[in-house]
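Notes follow the structure.
The values are calculated or read from the model by the stated rules, or taken from the named source; none is laboratory data. Quantities reported herein were computed from a predicted structural model and do not represent experimental measurements. Cβ placement follows ideal geometry from the backbone for every residue including glycine, while neighbour counts extend to all protein chains displayed. The accessibility values were calculated without ligands, DNA or RNA, using every heavy atom of the protein model including side chains. Shrake-Rupley method; radii C 1.70, N 1.55, O 1.52, S 1.80 Å.
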Amino acid sequence: MSKVAVIGTGYVGLTTAIGLASLGHDVVGYDIDPNKVDQLKAGKLPIYEPGLDEMLTTALKSGNLKATSQLSEAVTDADFVFTCVPTPQDEDGSADLSYVIAASSAMKDLLKQGAIVVTKSTVPVGSASQIENAIGRSDVHVASNPEFLREGAAVIDFKNPDRIVVGARSTEVAQQVMDLYATIDCPKVLTSQPAAELIKYASNSFLAIKLSYVNDIAALCEASGADPMEVMHGMGLDARIGNHYLTPGPGWGGSCFPKDTRALTSIAAGFGIPIPLIDSAIISNEKAHKRVVDRVMQELGGSLVGKTIAVLGLTFKAGTDDTRESPAVAVIERLIGRGAKVVAHDPIVSAYSLAGLQVVDSPTAAASGADALVVLTEWPEFGQLDPTKILESMNGTCVVDTRNVLDKSRWQSAGAAFPQLKNL
Ligand SMILES: NC(=O)c1ccc[n+]([C@@H]2O[C@H](COP(=O)([O-])OP(=O)(O)OC[C@H]3O[C@@H](n4cnc5c(N)ncnc54)[C@H](O)[C@@H]3O)[C@@H](O)[C@H]2O)c1
């Protein structure tokens, strides 16, 4: 079993640290934020991620996982150092590598001879050379092991990934990183650094393009009287298309797709390779947000000024507490921008700071006095709501279910009006 350091204990770092500890490795997690480290030491998960808290308890109990706010304590003995720090969007749309470079520089004099620094953060193609330069040690190796976890399903994705990708200058180094996952049975891709770096961006951008296409087709379905779910079902039966990622929604979001699509456009532009499909997907996504607001506005007589809109869901998808770049928030901002007051409920997020938005502790409280109800996150509990109870507390009957979680006929029987957009 190997000695592993994990730098950055956010969504990816926590999953990596706890996951590798569960495989028997000796893991030390380090974060620049001492509060997160203190929480981990106390056995508390700083994020909501189903199943990860139980794994944390087991990992701490077994002694395989420790947390520290001293970088030297994490790195000095480590055979492998995983970098799991943010790579946010820079002002020009490119990926901001400064956190990765800062983490690499900070560890350079602490690494033991022969250590392998493994990049899990999503980084542009060519970043490995910059990381090598920041470390500046010929006796230390750099590898790329992009992360593909889905928030809300991170544990499942760690234990049963679709694939594990590792890229390095030498196959021997890549194989050493891959050997950490020896007990995980899945396709394993040993490749070059540039390929590993690109696989991540190419995958995320493809998924974003797919979702934008689905949302555009769903709008066409609505305009033409077709049921979008029936159309998606019919499409998904074609094995070349597949039935995953065919669910219409209010637009895609989260901490990865928005920044990764923009970063890939920027990377491609740097190589003189335009990828207009990505630009179109981004434009289509903004239209998806707008369509939700237009639908509510149309139903409420063309203006949202002075109206109260109940919103169900704040996270970018169900199963997570993450609201970064959430389409729910993007839609709420547009509703508020049109003059509405928004009262929202989310099963996990109890507070969100935005002028014009009030977060309440139940769907009924959100619906109370509302002119319209908009479902923006596919939390399964929303499907269990009693439509009569919700509609009784509302001021209006307009219901916009962007996630298709409500039983439409049941809600219609209780008096809900599901408006169709006339001018898309
Ligand atoms: N969240 C996802 O679903 C996901 C999936 C795949 C890949 N990624 C990529 O993984 C990377 C991390 O994403 P995340 O969602 O885990 O981010 P996050 O913001 O949840 O966590 C990052 C952590 O790094 C810490 N940190 C920042 N600088 C540090 C430093 N110098 N030393 C130590 N710790 C430091 C922060 O305090 C934070 O706890 C990003 O590149 C992201 O694109 C994320």
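Worth pointing out:
- Normalised by 2.2 N^0.38 Å, where N is the number of residues, the C-alpha radius of gyration of the chain stands at 1.06.
- Annotation for the range 36-112: GluC sites (Glu not before Pro) lying in DSSP loop with at most 14 further Cβ atoms inside 10 Å of their Cβ are 91.
- Percent carbon-and-sulfur accessible area, the chain, ignoring ligands, DNA and RNA, probe 1.4 Å: 52 percent
- With a cut-off of 13 Å between beta carbons, the residues surrounding residue 91 carry a summed charge of -1, where Lys and Arg count +1 and Asp and Glu -1.
- Eligible aspartates and glutamates near residue 159 by straight Cα distance, threshold 19 Å, same-chain separation 8 or greater: 26, 49, 53, 54, 147, 151, 179, 185
- Vicinal HN-Hα couplings computed from phi for the range 72-79 (Karplus, 6.51 cos²θ - 1.76 cosθ + 1.60; Hz; Gly/Pro x): 4, 4, 7, 9, 3, 9, 6, 7
- Sequence-distant residues sharing a close amide H with residue 398 (under 5 Å, placed H): 373, 417
- Interchain or long-range residues, amide H under 5 Å from residue 191's placed H: 166, 167, 168
- HN-Hα J in Hz across the range 347-356 - Karplus 6.51, -1.76, 1.60, θ = phi - 60°, x for Gly and Pro: x, 10, 8, 9, 8, 8, 8, 7, 4, x
- Potential extension, residue 417-residue 305 segment - 0.36 nm per residue separation minus Cα distance: 38.3 nm
- Cα-based reach from residue 61 at 19 Å (exclusive), listing lysines while leaving out same-chain residues under 8 positions away: 3, 36, 41, 44
- Highest-fluctuation residue, 385, 149, 14 considered, GNM on the chain with Cα pairs under 10 Å: 385
- Amide hydrogen proximity for residue 115: with H placed 1.01 Å from N in the peptide plane, the residues at 5 or more positions away or on another chain lying under 5 Å are 141.
- Calculated FRET efficiency for the pair residue 133/residue 186, C-beta based, R₀ 45 Å, to 0.05: 0.85
- Per-residue ellipticity at 222 nm, computed for the chain from helices alone with -39500 (n - 2.57) per DSSP H run of at least four residues, works out to -13000 deg cm²/dmol.
- Anisotropy class of the range 1-81 from Cα gyration tensor, a/c 1.5 cut: oblate
- In sequence order, calculated HN-Hα J values of the range 157-163 (Karplus, 6.51, -1.76, 1.60; Hz; x Gly/Pro): 5, 5, 6, 10, x, 5, 6
- For a straight C-alpha distance cut-off of 30 angstrom, the lysines reachable from residue 389 (same-chain residues fewer than eight places away being disregarded) are 290, 307, 317, 341, 408, 422.
- Accessible area per residue in Å² at 1.4 Å probe, computed on the chain: 44 Å²
- Estimated dipole of the chain in Debye, rounded to 20 [Cβ of Lys and Arg +1, of Asp and Glu -1, Cα centre]: 320 debye
- Taking Cβ atoms as reference points and 11 Å as the exclusive limit, the residues near residue 158 contribute a net charge of -1, counting Lys and Arg as +1 and Asp and Glu as -1.
- Sparse packing (at most 16 other Cβ atoms within 10 Å of the Cβ) combined with a DSSP loop state is found for the following trypsin sites (Lys or Arg not before Pro) in the range 1-87: 44.
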